[in-house]
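FYI, it's all coordinate maths here, none of it is from the lab. From a predicted model like this one, the values you see are computed outputs, not experimental measurements. Here Cβ is always computed from backbone atoms with ideal geometry, including for glycine, and neighbour counts include all displayed protein chains.
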Amino acid sequence: MTTAAGRLDGRVVVVTGAARGLGRDYSRYFAADGANVVLADVKGTEQAAVEASTAGPRCIGIELDVTDRASADAMVAQTKDVFGRLDVLVNNAGLWRGLNEAGLLNCPPEIWDAAWAVNVTGTLHCYQAAVPLMAAGSWGRVINVSSMAAIRGGNPYGLTKAAVEHMTAGMAREVGDQGITVNCIAPGISAFEAAKDQLDDADHIVAGNAVKRMGTSRDLYEAMAYLCSDVASWVTGQTLRVDGGATTS
């Protein structure tokens, strides 16, 4: 793993949903770029933080239930206690398995409610908890995570991600005068999370891409690193589609 060393030296980054999958990779990349990283998730953060720490500065794991506002507040308070600041929030926690298959007609209420609680309300909770600490430093970056599914069909997962994109624009407008930008990345199919044994139509989706390969966690991270940088200080309220051209047709 190689990164442009020092792009985020001294920054404090929170990544939700960081115990596994793409969130775990993002955390390692942020650390390799010089950031102190808080890996937040419902469980499994301790080992993930140890792994991330081998890539760069200090990394800690904090238990977080994004559906509980008090849990989000406690996570930010602990971040402040340890690092004294918060610069970047990556709202990566999300639920997707089973949502596409269920469709709308047959989606069980418990699956629907859980998806909205994590993907939408969870994103809101972490934003609400993080902004005051960012504002205290007059600088912040919030990066929400959508999906190509937001504009590719009306399945339950895509609907939650479309809501995240709309919410991103609203968030950006209300905190821009505090030195905080809010943007969103919308990944296409990735080799890590959308393994072929978990997504039956992976080959079909890739065949429709302009760039005919699956994305990597590094592809997605580099988009985040740009949005975290000072050169992106006038970019806010936007959704950056990092999907190999899947949504261009």
- Message: What percentages make up the Cα-Cα pair-distance distribution of the chain when the bins are 5 Å wide from 0?
- Response: 1, 7, 14, 19, 21, 18, 12, 6, 2, 0
- Message: Can you give me the long-range amide H partners of A186? Hydrogens built in the peptide plane at 1.01 Å from N, cutoff under 5 Å, separation of 5 or more residues or another chain.
- Response: S146, L240, R241, V242
- Item | Between helix 156-175 and the chain: long-axis angle, C-alpha atoms, 0 to 90°, nearest 10 | 30 degrees
- Message: Can you give me the Kirkwood hydrodynamic radius for the range 108-249, using every pair of distinct Cα atoms, in Å to one decimal?
- Response: 16.0 Å
- Cα centroids of the range 203-221 and the range 27-63: how far apart, whole angstrom? 26 Å
- Query: Under the definition of Cα pairs under 8 Å and six or more residues apart, what whole-number percent is the relative contact order of the chain?
  - Reply: 16 percent
- Item | Helix 122-136 vs. the chain, principal-axis angle (Cα, 0 to 90°, nearest 10) | 20 degrees
- Helix-derived mean residue ellipticity, 222 nm - over the chain, DSSP H n ≥ 4, -39500 (n - 2.57), to 500: -12000 deg cm²/dmol
- Pairs of lysine residues in the chain - Cα separation under 28 Å, sequence separation of 8 or more or cross-chain: 6
- Note on the structure: Per DSSP loop assignment and a cutoff of at most 13 other beta carbons within 10 Å, the chain keeps its longest run without exposed trypsin sites (Lys or Arg not before Pro) at 98-195
- How far is helix 217-228 tilted, in degrees, relative to the longest principal axis of the Cα atoms in the chain, given as a value from 0 to 90 rounded to the nearest 10? 50 degrees
- Note on the structure: GNM on the chain, Cα springs under 10 Å; top mean-square fluctuation among A31, A163, A49 goes to A163
